[in-house]
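The values are calculated or read from the model by the stated rules, or taken from the named source; none is laboratory data. Quick caveat: nothing in here was measured; it's all calculated off a predicted structure. With ideal geometry, Cβ positions are generated from the backbone for all residues, glycine too; neighbour counts draw on all protein chains shown. Keep in mind that these areas ignore ligands, DNA and RNA; they rest on the heavy atoms of the full protein, side chains included. Shrake-Rupley method; radii C 1.70, N 1.55, O 1.52, S 1.80 Å.
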Amino acid sequence: MTPITEVEGRRVTLSNLEKVLYPETGFTKGELLHYYATTAGALLPHLRDRAVSFLRYPDGPGGQLFFAKNVPPGTPEWVTTAKVPRSSADSPARMVVVQDLPSLVWAANLVTEFHTHQWLVQTPDEADRLVFDLDPGAPAHVVDCCEVALWLRERLAADGIEAYPKTAGSKGLHLLAAVRGSSSERTSEYAKALAVEAERAMPRLVVHRMNKSLRPGKVFVDWSQNAARKTTATPYTVRARRAPLVSTPVTWEEVADCRSPGQLEFRAGDIAARLQDLGDLMAPLTDPARAAPLP
């Protein structure tokens, strides 16, 4: 019989809790659900009021991976959804908005990564996040990303913008900042200008164009995820990788001190202790008073 649990008064159907999703570590679906339930206090503020794109991997990272942007069939009526604008030629899409713990547990049962836009569903015409995805091309790795991140941190600070780093949960770093008063288009233009500036400052290390032929041995500063249609892995989401790696907020001290990729690799089992010791390092992003205007 399919188990049903009650979460804050909502009945949530669970399935295949003993299924091993990550064979390398034996990490099961039940452990994945436990991770999300116990990390909800930190994760939910970064999901709330944002349309979610699900990157689903129901048979584990070695199985089929697929994006699901529309509301999935069978979504409970108590799960919040919102109309989300698409291109001018298309009608709006209806997407899930994970507002509370029952919705998070329901979504986690789908076995998914959580990806969100850089704007809130109430104000889709205004970006409230600025993001840089630092993606290393082999043989470059996250240590090289750290060098670029430190440069971007200082450059953003010069414009009055405070950046917060997190691991991608794969091989790179993400920098996020709270912004206000600009469209996604304007935010993208600003991010691109800084990526170009970073390449000029560190030509042997940085590339701002996506061309794969330019990327070996360099860090691609991906500014394009600021586009209104794009999404980025949400802080604390578990990634569909060889192990249950988590997109984990880190301190700037950890970034500056990184000497090997393993130093910035965190698994689901590591997060509770980090939250106990450090709290949510990205909590300032959810405080509107901390948002800065673009120059």
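The share of Cα pairs per 10 Å bin across region 60-148, counted from zero up to the longest distance, runs 12, 33, 33, 19, 3 percent.
When you count, for each residue, the other Cβ atoms within 10 Å and take the mean per peptide, how do 281-291, 134-144 rank with the highest first?
Values: 281-291: 14.8, 134-144: 19.1.
So the peptides 281-291, 134-144, ranked by packing, come out 134-144, 281-291.
Accessible surface for Glu253 stands near 120 Å², nearest 10, in the context of the full protein assembly shown (1.4 Å probe).
At 1.4 Å probe radius, can you tell me the per residue accessible area of the chain in Å²? Mind dumping the intermediate values first?
Numbers: 13440 Å² over 295 residues.
Accessible surface, normalised per residue, equals 46 Å².
On the full set of protein chains, 1.4 Å probe, figure out the accessible area of Arg56 and give it in Å² to the nearest 10. About 50 Å², ignoring ligands and nucleic acids. Using a probe radius of 1.4 angstrom, the carbon and sulfur fraction of the accessible surface of region 126-267 is 49%.
Roughly how many debye, to the nearest 20, is the charge dipole of the chain about its Cα centre, given +1 on each Lys and Arg Cβ, -1 on each Asp and Glu Cβ, and no other charges? Present the calculation step by step, with values, prior to reporting the outcome.
On the way: 34 positive and 34 negative charges, 170 e Å.
Around 820 debye, computed over the chain.
Length gained on full extension, Arg200 to Glu77: 39.1 nm, using 0.36 nm per residue less the C-alpha separation.
Considering only Thr251, Gly169, Ala127, and ranking their Cα positions along the charge dipole of region 126-267 that arises from unit charges at the beta-carbon of Lys, Arg, Asp and Glu, the one farthest toward the positive end is Gly169.
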